[in-house]
Amino acid sequence: QQQVKQSPQSLIVQKGGISIINCAYENTAFDYFPWYQQFPGKGPALLIAIRPDVSEKKEGRFTISFNKSAKQFSLHIMDSQPGDSATYFCAARPMDSNYQLIWGAGTKLIIKP
Amino acid sequence: NAGVTQTPKFQVLKTGQSMTLQCAQDMNHNSMYWYRQDPGMGLRLIYYSASEGTTDKGEVPNGYNVSRLNKREFSLRLESAAPSQTSVYFCASRAISYNEQFFGPGTRLTVL
């Protein structure tokens with residue numbers, strides 16, 4: 001069964017620090033890797049995404065790093081702010097399915113003021 | 001635009017009761033999804049509808065049925081609720097040419 005393993009389960013970072021969340025996958029047949037952000041009581045929302053032909057993508061303070069050979073991708077949040085406190089999910093889309101995503105278990109991020 | 005709407009927001013059922021969770025989107029999206037979210041388990045796909053008139057099982061379909069009523073609406077039915085179905089349920093939709101899934105605000109369901 002295809003899996004995406006996400007770590008850590010929870011993370012506490014001081015304001016202004018760098019938050020790093022990691023994901024690893026076990027199957028090479030993925031073609032799209034999104035990160036979703038979820039605030040309490042809300043549905044997840046797309047934060048940033050990357051395709052496997054790119055090693056890094058940056059949008060403001062958020063960066064995805066992708067290591068195809070290691071089958072790993074990570075989310076870096078620079079200058080973390082209390083408003084970034086949320087649950088973050090990584091996901092991967094199988095190449096043979098245009099419709100489904102395989103989701104990581106989520107990371108609860110708390111930014112301390 | 002309201003995006004993706006879900007009703008109800010909260011529901012408490014007794015074991016064996018039935019109910020239907022409603023989902024509607026006003027973005028003219030072709031694909032719609034039902035997920036359940038449980039602590040430490042992320043989002044698990046129950047059913048999805050790639051386009052109007054089609055539905056397919058996801059990872060955890062047992063105990064659920066779905067209906068794609070029209071392009072806008074996708075409902076999830078629990079015929080005989082069980083405590084294991086206590087969860088937060090999310091509906092999502094996606095346009096055919098884009099990767100992003102748009103989520104509703106969720107329904108928190110408790111089965112006693």
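The values are calculated or read from the model by the stated rules, or taken from the named source; none is laboratory data. Model, not experiment: these values are computed from the prediction. With ideal geometry, Cβ positions are generated from the backbone for all residues, glycine too; neighbour counts draw on all protein chains shown.
Of all residues in the range A:38-63, those that are touching a Phe, Trp or Tyr at 6+ places or on another chain (Cβ under 6 Å) and in contact (Cβ under 8 Å) with a residue 24 or more places away in the chain total 3. Select from the range B:55-112 the residues that are surrounded by fewer than 17 Cβ atoms within 10 Å (Cβ to Cβ), farther than 15 Å from B:Pro8 by Cβ, in contact with a Phe, Trp or Tyr (Cβ under 8 Å, 6 or more places away or on another chain) and within 12 Å of chain A (Cβ to nearest Cβ) and list them in ascending order. Passing the criteria: B:Asp56, B:Lys57, B:Asn99. Here the range A:83-113 is the region considered, the condition is being in a strand (DSSP E or B), touching a residue at least 60 places away in the same chain (Cβ under 8 Å) and not hydrophobic (A, V, I, L, M, F, W, C), and the residue that is nearest to the other protein chains (Cβ to nearest Cβ) is A:Arg93. The residue of the range A:19-51 that is nearest to the other protein chains (Cβ to nearest Cβ), among those that are of a type in the set (Phe, Trp, Tyr) and closer than 11 Å to A:Val4 by Cβ, is A:Phe33. Per the listing A:Ser80, A:Ser69, A:Ser65, A:Ser74, the residue uniquely buried (at least 16 other Cβ atoms within 10 Å of the Cβ), outside any strand (DSSP E or B) and either away from chain B (no Cβ under 14 Å) or at positive phi (or both) is A:Ser80.
Residue check: B:Tyr47 meets all listed conditions (1) of a type in the set (Ser, Thr, Tyr); (2) surrounded by fewer than 19 Cβ atoms within 10 Å (Cβ to Cβ); (3) in contact with a Pro (Cβ under 8 Å, 6 or more places away or on another chain) but one, namely (2). Scan the range A:8-18 for residues that are surrounded by 14 or more Cβ atoms within 10 Å (Cβ to Cβ) and either within 12 Å of chain B (Cβ to nearest Cβ) or among the aliphatic types (A, V, I, L, M) (or both) and the total you get is 2. Please determine whether any residue of the range B:79-95 is of a type in the set (D, E, K, R) and under 13 Å from the mean Cα position of the chain (by Cα). No, every residue in the range B:79-95 fails to be of a type in the set (D, E, K, R) and under 13 Å from the mean Cα position of the chain (by Cα).
Regarding A:Lys15, is this residue among the basic types (Lys, Arg), more than 13 Å from the chain's Cα centre (by Cα) and within 23 Å of B:Ala92 (Cβ to Cβ)? Considered against the rule, which asks whether it is among the basic types (Lys, Arg), more than 13 Å from the chain's Cα centre (by Cα) and within 23 Å of B:Ala92 (Cβ to Cβ), A:Lys15 comes out as no.
Can you tell me which residue is nearest to A:Phe89 (Cα to Cα) among those in the range B:7-17 that are outside any strand (DSSP E or B) and under 15 Å from the mean Cα position of the chain (by Cα)? Residue satisfying both the conditions and the ranking: B:Lys9. Among the residues of the range B:25-44, those identified as of a type outside the set (Lys, Arg) and surrounded by 18 or more Cβ atoms within 10 Å (Cβ to Cβ) are B:Gln25, B:His29, B:Ser31, B:Met32, B:Tyr33, B:Trp34, B:Tyr35, B:Gln37, B:Gly42, B:Leu43.
Evaluated against (1) at pLDDT 95 or above; (2) outside any strand (DSSP E or B), A:Pro52 falls short on exactly one condition, (1). Do the conditions hold for A:Ile102, that is, is it among the aliphatic types (A, V, I, L, M) and more than 21 Å from B:Ser31 (Cα to Cα)? Considered against the rule, which asks whether it is among the aliphatic types (A, V, I, L, M) and more than 21 Å from B:Ser31 (Cα to Cα), A:Ile102 comes out as no. Does B:Ala50 qualify as being more than 10 Å from chain A (Cβ to nearest Cβ) and within 15 Å of B:Ser93 (Cα to Cα)? Against the criterion (more than 10 Å from chain A (Cβ to nearest Cβ) and within 15 Å of B:Ser93 (Cα to Cα)), B:Ala50 does not qualify.
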